1. I'd like the residue in the stretch 52-74 that is open to solvent by 100 Å² or more (accessible area, probe 1.4 Å) and modelled with pLDDT of 85 or more and, out of all such residues, is farthest from residue 10 (Cα to Cα).
2. (1) modelled with pLDDT of 90 or more; (2) over 20 Å from residue 83 (Cβ atoms); (3) in contact with a Gly (Cβ under 8 Å, 6 or more places away or on another chain): which one isn't true of residue 120, the others all being true?
3. Considering the stretch 89-108 alone, what residues qualify as being closer than 13 Å to residue 125 by Cα, open to solvent by 30 Å² or more (accessible area, probe 1.4 Å) and either in contact with a Phe, Trp or Tyr (Cβ under 8 Å, 6 or more places away or on another chain) or β-branched (Val, Ile, Thr) (or both)?
4. Please enumerate the residues belonging to the stretch 131-148 that are open to solvent by 70 Å² or more (accessible area, probe 1.4 Å) and at pLDDT below 80.
5. Does any residue in the stretch 91-102 that is part of a loop (DSSP other than H, G, I, E, B) come within less than 9 Å, Cβ to Cβ, of a residue that is open to solvent by 60 Å² or more (accessible area, probe 1.4 Å) and of a type outside the set (Gly, Ala, Ser) six or more places away or on a different chain, and which pairs are these?
6. Keeping to the stretch 109-128, report how many residues are open to solvent by 50 Å² or more (accessible area, probe 1.4 Å) and either in a helix (DSSP H, G or I) or on the phi < 0 side of the Ramachandran plot (or both).
7. Scan the stretch 1-47 for residues that are at pLDDT below 75 and surrounded by 11 or more Cβ atoms within 10 Å (Cβ to Cβ) and jot them down.
Amino acid sequence: MNTKVERIFAFVLLGISVVMIIMAWGYTAPIAYDPIGPRPYPILLLSLMAIGSALLAFQPAKFMKQIDYGWNKPVVKNLILCMLALLLYGALFEILGYVISTSLMAFAVGLLFHGKAIPTAISSVMMALLTYLLFERVLDVSLPSGLLSVIGF
């Protein structure tokens, strides 16, 4: 049963990868900020995803072994809560800004992995602040400030 599910998932992921490669092929940015342009990065990542999916989809059955994923109620609940946290992160990213939305998402995921509240909160905020500074100051990649733009952050 598991191998069928894995193959179906691999076929679906392969199809999605191919469609997205076709979509990315015609992408051009209005401003040339990179000598080779923005097209190669998504095409490279999607190509790797397509190759991996094809390997899983077309792998001979004799090389596949049954895997017990341990699906039980707590695991499924945590997976759903993690997906919900990531969906909210994507939806609130522009509104709240990088630092606040990343802190909230990292805190939620940390609690799902049974982290203690105070250390998880501190590490979530520190991670969000340090990665924001890395992207903004070192890599010169603009991230949304969101609500923090009110205080001039």
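The values are calculated or read from the model by the stated rules, or taken from the named source; none is laboratory data. These numbers come from a predicted model, not from an experiment. Methodologically, a virtual Cβ is constructed for each residue, glycine included, from the backbone with ideal geometry; neighbour enumeration extends over all protein chains shown. The area values use the complete protein model at the heavy-atom level, side chains included, leaving out ligands, DNA and RNA. Shrake-Rupley method; radii C 1.70, N 1.55, O 1.52, S 1.80 Å.
1. Step by step, filter the stretch 52-74, then rank; the result is 73.
2. If we test residue 120 against (1) modelled with pLDDT of 90 or more; (2) over 20 Å from residue 83 (Cβ atoms); (3) in contact with a Gly (Cβ under 8 Å, 6 or more places away or on another chain), just (2) comes out false.
3. Scanning the stretch 89-108 gives 100, 104, 105.
4. 139, 140, 142, 147
5. Qualifying pairs under 9 Å: 97/147; 97/153.
6. Counting residues in the stretch 109-128 that are open to solvent by 50 Å² or more (accessible area, probe 1.4 Å) and either in a helix (DSSP H, G or I) or on the phi < 0 side of the Ramachandran plot (or both) gives 11.
7. Residues of the stretch 1-47 that are at pLDDT below 75, as a first pass: 1-3, 28-39.
2, 3, 34, 37, 38, 39 - these are the residues of the stretch 1-47 that are at pLDDT below 75 and surrounded by 11 or more Cβ atoms within 10 Å (Cβ to Cβ).
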